[in-house]
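Step one of this worksheet: look at the structure below.
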């Protein structure tokens, strides 16, 4: 079933969809004559009766038309016979219909402009071309033109006091720095060196979101789907990753069955070859999940940002700064479009490897990443921390809260089970709550054990 038929089906069977899109649809957008005719009859019926037409009513109205040959009428009836009441995902179809309208409007305006430029349209001169193109580019279902400060004051007050829909962490200090979790339409980036724990962090958060009943999409461009699933198995099933291969099948299946009873969420892991996939591929995946599996993700993980491709610069030769910044901007655009938080990661520069004080200047390839991200933090590992089974988190940028509050803190890490956890020490001794930066850094660089580190 192509998109035009899907649109016609929903115009007949979905009142919510019809009332939203009908004012913006035009018969000339449809490519097939029979589709144009059915749309015109639907439009006329809704305008006259303020209700959705039945297939029978549409068939009779089409039969009474005098501008159709017998063969054309058969084509119309053939389309009516395939219209289905299996309604598509509303949000997805709205987006798809809007894009289709925009693409068709632009195409038709270009064709019209060419005719005018070639002198084939005697009624319009070339001065009309800019206006024609401008109208086509302005096609949108969004009629909101901005916030009226005085008139919209009540709505603004309600916004201040509404409870924002967030996906919380299972780590208390991450919830504190984000004021309860990650909001939708945001890009959140972990910065770390190789082997420090970027993928572990994302796997842990994916497992946590799943246990909350959320639908999770994990996109991997570095490891195979099975390797990511293995890490999440270790986390959720509480089994050391090295022992999974020896774990009895009966016990494994029992644990999976028990897990499925604890959550209504779905976890989809999708692998793409390194540097081959961009946001366009991810959007296509979201459409496929909606149509084929009826799954809409609540949160998306991209492992990891630097090895994505850019949709904007396909095949272009640009510097790494521009390229990686473009990837970040495209991912944030996807977060807004899909109305989800996205968590990704980036590598540190060489100077950041093994450093006890990673900063924004250690962002690999692109200093433009922090400008795009809503939350950015570094994951830092040292020999002392590894000995304690801990990893340090340093806030680099935070649009949710004051980044100087809990600037640094430690969380527990169990690499065998791919888990992170709260530790009492991080709240007592290892939290930077306004300590001068230089003093703090010196203490982390000292050779003392972490038990000896106290903040005056």
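Matching residues to (1) under 27 Å from residue 95 (Cα atoms); (2) in a helix (DSSP H, G or I); (3) at pLDDT below 85:
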| position | (1), (2), (3) |
| --- | --- |
| 324 | yes, yes, yes |
| 334 | yes, yes, no |
| 342 | yes, no, no |
| 345 | no, no, no |
| 351 | no, yes, yes |
| 392 | no, no, no |
| 402 | no, no, no |
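Only helices (runs of 4 or more DSSP H) whose full extent lies in region 201-306 are considered here, and the ones with at least 1 residues that are assigned by TED's automatic domain parsing to the domain that holds residue 186, surrounded by 21 or more Cβ atoms within 10 Å (Cβ to Cβ) and touching a strand residue (DSSP E or B) at 6+ places or on another chain (Cβ under 6 Å) are 225-237.
Since residue 186 meets every condition but one in (1) touching a residue at least 40 places away in the same chain (Cβ under 8 Å); (2) farther than 20 Å from residue 400 by Cα; (3) surrounded by fewer than 23 Cβ atoms within 10 Å (Cβ to Cβ), which condition does it not meet? Tallying (1) touching a residue at least 40 places away in the same chain (Cβ under 8 Å); (2) farther than 20 Å from residue 400 by Cα; (3) surrounded by fewer than 23 Cβ atoms within 10 Å (Cβ to Cβ), residue 186 fails exactly one: (2). Of 332, 312, all but one fail to be free of Cβ contacts under 8 Å to residues at least 24 places away in the same chain and either on the phi < 0 side of the Ramachandran plot or under 12 Å from the mean Cα position of the chain (by Cα) (or both); the exception is 312.
Looking at this structure, is residue 18 in contact with a helix residue (DSSP H, G or I) (Cβ under 6 Å, 6 or more places away or on another chain) and either under 15 Å from residue 89 (Cα atoms) or in the same structural domain as residue 292 (by TED's automatic domain parsing) (or both)? Yes, satisfied. Please find, within region 42-52, the residue that is farthest from the chain's Cα centre (by Cα) out of those that are surrounded by 10 or more Cβ atoms within 10 Å (Cβ to Cβ) and outside any loop (DSSP other than H, G, I, E, B). Result: 49. Scanning region 95-118 for residues that are more than 16 Å from residue 39 (Cα to Cα), surrounded by 11 or more Cβ atoms within 10 Å (Cβ to Cβ) and modelled with pLDDT under 80 turns up nothing.
Conditions tested, residue by residue: (1) in the same structural domain as residue 300 (by TED's automatic domain parsing); (2) more than 23 Å from the chain's Cα centre (by Cα); (3) surrounded by 16 or more Cβ atoms within 10 Å (Cβ to Cβ); (4) over 30 Å from residue 208 (Cα atoms).
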{"position": "126", "(1), (2), (3), (4)": "no, yes, no, yes"}
{"position": "129", "(1), (2), (3), (4)": "no, yes, yes, yes"}
{"position": "157", "(1), (2), (3), (4)": "no, yes, no, yes"}
{"position": "179", "(1), (2), (3), (4)": "yes, no, no, no"}
{"position": "190", "(1), (2), (3), (4)": "yes, no, yes, no"}
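Among residues of region 53-88 being in a loop (DSSP other than H, G, I, E, B) and surrounded by 17 or more Cβ atoms within 10 Å (Cβ to Cβ), the one that is farthest from the chain's Cα centre (by Cα) is 68. Consider residue 142 carefully, then state whether it is under 20 Å from residue 5 (Cα atoms) and either modelled with pLDDT of 85 or more or within 39 Å of the chain's Cα centre (by Cα) (or both). Judged against the criteria, residue 142 is not a match.
Residues of region 121-131 that are touching a helix residue (DSSP H, G or I) at 6+ places or on another chain (Cβ under 8 Å) and under 23 Å from residue 29 (Cβ atoms): 121, 124, 128, 129. In a residue-by-residue description of region 176-194, the property of being at pLDDT 90 or above and part of a helix (DSSP H, G or I) applies to at least one position.
The values are calculated or read from the model by the stated rules, or taken from the named source; none is laboratory data. A quick note: this is a predicted structure, and the numbers were derived from the prediction, not measured. Note that each Cβ is placed from the backbone with ideal geometry, even for glycine, and that neighbours are counted across all protein chains shown.
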